[in-house]
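Heads up: the structure comes next, in structure tokens.
The values are calculated or read from the model by the stated rules, or taken from the named source; none is laboratory data. Predicted, not measured: the structure shown is a model, and the values here were computed from it. Cβ coordinates were reconstructed from backbone atoms using ideal geometry, including for glycine residues, and neighbour counts include every protein chain displayed.
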Amino acid sequence: MKHTPLIEQYGLIGDMQTSAHVCDDGSIDWLCLPRFDSDAVFTAMLGERGHGSWRLAPATAFEAEHAAATRHYVGDSAVLRSVWTTPTGTVQVTDFMPPRDGAPRVIRIVEGVSGEVPMRSLWRPRMGYGRISPWIHTVDGRTVAEAGSDALWLDTTAESEVEDNAVVCTFTVGPGRSVAFALSWAPSHGAPPRIPNPEAALAATYSFWGDWAGQCTYAGPYREAVVRSLVTLKAMIYEPTGGIVAAPTTSLPEEIGGARNWDYRATWLRDASTTLAALLDAGYREEAAEWRRWLLRAVAGDPENLQILYGIGGERDLPERVLGWLPGYEGSAPVRVGNGAATQLQLDVFGEVIETFYLAHQAGVARCADTAVLHQRLVRQLAACWQEPDEGIWEVRGPRRHFVHSKVMAWVAVDRTIRLAEEGVLDVDLFELMELREAIHREVCEKGFDQGRGTFTQSYGSAGLDAALLLIPRVGFLPPDDPRVTGTIDAIQRELTSPDGLVWRYATDGDRAGVDGLVGDEGAFVLCTFWMVDALALAGRLEQAERLFEYVLSLRSDLGLLAEEYHPKAGRQLGNFPQAFSHLGLVQSALLLDRLLAERGSEARALPPGAVPVQQRPAALALSSRI
């Protein structure tokens with residue numbers, strides 16, 4: 001049976017080692033075990049229900065083409081509750097993955113609310129990304145599905161039978177009655193996992209998320225959206241190592257029917273660094289320390305061959321391959337696992353990593369000798385290669401270019417190194433680095449700026465624009481009211497922005513291969529729209545920034561989740577989901593708006609008549625006023 005819900009119809013549950021996507025019709029259509037990057041055992045999200053799924057819903061919902069529940073996360077947790085109102089009564093299903101204390105588990109608790117509701121569970125695992133039908137049998141009264149090295153154990157008090165290599169359970173619930181299901185993974189050659197206590201696991205899960213969310217220091221008007229984004233980001237951190245996935249999915253398309261389908265279940269230095277920056281800004285320190293230890297293990301031994309992404313355990317070898325037996329989401333093939341971009345040169349990652357070192361220091365995370373050595377080696381490596389062309393932030397698969405954003409972030413790496421040295425926490429040659437910082441700045445302003453159009457360009461000598469240029473004031477490369485900055489904002493609004501304000505990364509050429517070496521188009525990039533919010537706010541256009549920010553909030557799913565992109569005309573989310581980039585952008589924009597609005601209020605109260613508000617002064621909130 002064909003299964004094509006919208007991307008935003010899925011909710012995310014996770015245990016900080018892997019996650020599951022639960023559709024609003026009660027079906028889990030994506031689950032990799034035991035890690036984010038393991039083979040999926042439910043893969044219907046990239047094909048059909050026959051590629052593996054687990055649907056749990058009222059029996060009447062199975063008879064309808066699509067019978068959706070109303071749903072919400074319980075408090076500030078990653079516990080998902082779905083409620084169905086049927087002709088015979090109301091029922092709720094609570095889905096969650098408890099923080100791991102042994103085997104990874106998905107627990108689903110069905111509770112009657114009113115009336116009598118017949119329920120059905122159809123558990124259909126397919127290992128190896130939907131390719132392998134497992135051997136389903138019973139061991140000591142427990143149901144187990146085995147294939148190769150994997151074993152999935154299903155524990156429930158509901159009566160079950162095996163039909164067409166799937167486990168079917170039918171039962172009825174009413175007020176005060178509940179039925180629990182627990183799926184546990186274990187190596188097929190190992191001992192069976194213990195039978196969990198669902199209620200105790202739920203209580204422990206509530207406790208964990210309540211304690212973690214309570215650490216958030218932001219108390220502004222967008223707190224609900226910020227906390228939901230922070231919980232989502234936390235759910236994407238691989239707890240054993242501190243590595244952060246860019247998204248917990250692969251190959252959700254940037255264009256329906258197109259080939260821009262990539263595996264994001266790895267740790268990009270850029271994505272992880274900016275995620276940590278958002279967490280630090282919201283008051284979280286432990287995650288930054290854990291990520292730094294991950295970085296030292298992954299990079300420190302060989303920073304001269306720095307990769308832009310690694311496996312969540314620090315693995316370097318991430319070969320890209322196509323899963324030809326899967327048709328892809330809504331026919332968007334190919335489905336890819338692994339990522340060939342691992343071998344690219346992307347100069348901006350030096351800036352993002354070193355910026356995170358700097359922010360961690362500012363936030364009070366103690367530096368260590370190993371980090372200092374890695375930092376010094378990274379700066380030396382950058383000094384040797386910053387003048388080379390690269391693939392840039394968007395990982396183009398066309399020719400390398402001198403991308404302006406890459407050079408700006410190289411400047412950031414040097415600038416933050418100088419700042420740390422001036423604070424006495426890093427031993428480097430300051431005179432040499434100051435000369436390097438000035439040389440990079442001068443070259444970008446000379447070669448990356450189009451005098452005739454009054455805007456920075458995507459790369460040296462090009463006419464194209466790039467939304468990443470909106471970061472120039474945010475990182476302090478130029479003051480936010482510099483004419484070159486405001487000219488760039490205006491140009492991007494004219495050429496890369498939809499009528500409702502959503503921002504594309506860069507221009508694509510449809511049927512012709514563009515700057516990225518790929519044919520086809522894509523949606524507006526959510527993070528780039530948040531960058532526009534920040535640029536407008538820093539430039540003093542606070543009302544415009546607020547309106548755009550609140551419009552993007554309105555595009556979130558009913559659960560507050562955002563994919564990588566949004567299609568303005570189709571009115572739907574696109575790309576891998578949920579996307580760390582999108583949620584970290586939401587957090588950073590909310591906190592920036594909160595600070596700027598507070599400063600404007602205090603300035604308005606304190607300034608004498610005729611004084612200039614802080615938002616209209618040069619370098620407001622920027623990290624540098626260099627020109």
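Hey, any hits in region 227-244 for a residue that's touching a helix residue (DSSP H, G or I) at 6+ places or on another chain (Cβ under 8 Å), part of a strand (DSSP E or B), crowded, with 16+ Cβ neighbours inside 10 Å and not β-branched (Val, Ile, Thr)? Yes. Every listed requirement among (1) in contact with a strand residue (DSSP E or B) (Cβ under 6 Å, 6 or more places away or on another chain); (2) touching a residue at least 24 places away in the same chain (Cβ under 8 Å); (3) of a type in the set (Lys, Arg) is met by residue 81 save one, (2). Note on region 49-80: residues that are farther than 29 Å from residue 39 by Cβ and of a type in the set (S, T, N, Q) amount to 2. Checked against the criterion of being more than 13 Å from the chain's Cα centre (by Cα) and on the phi > 0 side of the Ramachandran plot, region 256-274 contains one or more residues that satisfy it.
Which one is surrounded by the fewest Cβ atoms within 10 Å (Cβ to Cβ), of the residues in region 420-473 that are of a type in the set (S, T, N, Q) and in a loop (DSSP other than H, G, I, E, B)? Outline the logic, then answer.
Initial filter on region 420-473 (of a type in the set (S, T, N, Q)): 451, 455, 457-459, 462.
Next cut, in a loop (DSSP other than H, G, I, E, B) only: 451, 457-458, 462.
Numbers: 451: 8, 457: 21, 458: 24, 462: 16.
Taking the candidates together, the pick is 451.
For region 60-115, the candidate set comprises residues that are in a loop (DSSP other than H, G, I, E, B) and of a type in the set (D, E, K, R); within that set, the residue that is surrounded by the most Cβ atoms within 10 Å (Cβ to Cβ) is 76.
May I ask you to verify whether residue 515 is among the aliphatic types (A, V, I, L, M), at pLDDT 90 or above and surrounded by 17 or more Cβ atoms within 10 Å (Cβ to Cβ)? No; evaluated as a whole, the condition is false for this residue. Among residues of region 315-352 being in contact with a helix residue (DSSP H, G or I) (Cβ under 7 Å, 6 or more places away or on another chain) and of a type in the set (D, E, K, R), the one that is farthest from residue 381 (Cα to Cα) is 320.
Out of the residues in region 122-150 that are free of Cβ contacts under 8 Å to residues at least 40 places away in the same chain and surrounded by fewer than 21 Cβ atoms within 10 Å (Cβ to Cβ), state the one that is farthest from residue 325 (Cα to Cα).
So the residue we want is 141.
Only one of these is over 16 Å from residue 563 (Cα atoms), assigned to a loop (DSSP other than H, G, I, E, B) and without any contact (Cβ under 8 Å) to a residue 12 or more places away in the chain: 219, 200. Name it. First the steps, then the outcome.
Details: 200 fails: assigned to a loop (DSSP other than H, G, I, E, B).
Selected residue: 219, the only one of 219, 200 that is over 16 Å from residue 563 (Cα atoms), assigned to a loop (DSSP other than H, G, I, E, B) and without any contact (Cβ under 8 Å) to a residue 12 or more places away in the chain.
For the residues 201, 278, 289, the requirement of being surrounded by fewer than 22 Cβ atoms within 10 Å (Cβ to Cβ) and out of contact with any strand residue (DSSP E or B) (no Cβ under 9 Å at 6 or more places or on another chain) singles out 289. The number of residues in region 340-363 being under 25 Å from residue 319 (Cβ atoms) and not in a helix (DSSP H, G or I) comes to 4. For region 420-431, the criterion of a residue being free of Cβ contacts under 8 Å to residues at least 40 places away in the same chain, farther than 30 Å from residue 260 by Cα and among the acidic types (Asp, Glu) is satisfied by at least one position.
Hey, can you tell me all the residues within region 34-63 that are at pLDDT 95 or above and of a type in the set (Phe, Trp, Tyr)? The answer is 36, 42, 54. Residues that are among the basic types (Lys, Arg) and not in a loop (DSSP other than H, G, I, E, B): does region 142-161 have at least one? There is at least one residue in region 142-161 that is among the basic types (Lys, Arg) and not in a loop (DSSP other than H, G, I, E, B). Those strands (runs of 3 or more DSSP E) of region 1-53 in which 1 or more residues are at negative phi and without any contact (Cβ under 8 Å) to a residue 40 or more places away in the chain occupy 19-23, 27-32.
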